[in-house]
Amino acid sequence: MNQAEFIWMNGELVAFEDAKVHVLTHALHYGTGVFEGVRAYENPQGQPAIFRHDDHIDRLFQSARISSLEKGISMW
């Protein structure tokens, strides 16, 4: 498997080898995090188009509310 050169972390692209989390990160130990996979495709004009963006964001925020994480939500 090929390793990515960069990865999105805390609102910015960082070198893959520099993307680290602290060993005591709560989400790492207890699974207290939420995520939503968002897909983007190229439209006929050659620009990216996000597939059902509003639905994905709604599910993300709903998952955060259910998990009592709504105060810690950061979009970027």
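The values are calculated or read from the model by the stated rules, or taken from the named source; none is laboratory data. Being a predicted model, the structure only gives us computed values, none of them experimental. Don't worry about glycine lacking a Cβ; one is built from the backbone with ideal geometry, like all the others, and counts go over all protein chains shown. These accessible areas exclude ligands, DNA and RNA; they are computed on the full protein's heavy atoms, side chains included. Shrake-Rupley method; radii C 1.70, N 1.55, O 1.52, S 1.80 Å.
Just checking: which of the strands (runs of 3 or more DSSP E) contained wholly in region 5-76 hold 3 or more residues that are hydrophobic (A, V, I, L, M, F, W, C), open to solvent by 80 Å² or more (accessible area, probe 1.4 Å) and at pLDDT below 90? Full working, then the answer.
Working: elements: 6-9, 12-15, 40-42, 48-50.
Strands (runs of 3 or more DSSP E) meeting the threshold: none at all.
Could you check ASN10 against (1) at positive phi; (2) over 15 Å from the mean Cα position of the chain (by Cα); (3) of a type outside the set (D, E, K, R) and say which number it fails?
(2)
Could you go through region 22-36 and let me know if any residue there is under 27 Å from SER68 (Cβ atoms), in contact with a strand residue (DSSP E or B) (Cβ under 7 Å, 6 or more places away or on another chain) and of a type outside the set (Phe, Trp, Tyr).
No, region 22-36 contains no residue that is under 27 Å from SER68 (Cβ atoms), in contact with a strand residue (DSSP E or B) (Cβ under 7 Å, 6 or more places away or on another chain) and of a type outside the set (Phe, Trp, Tyr).
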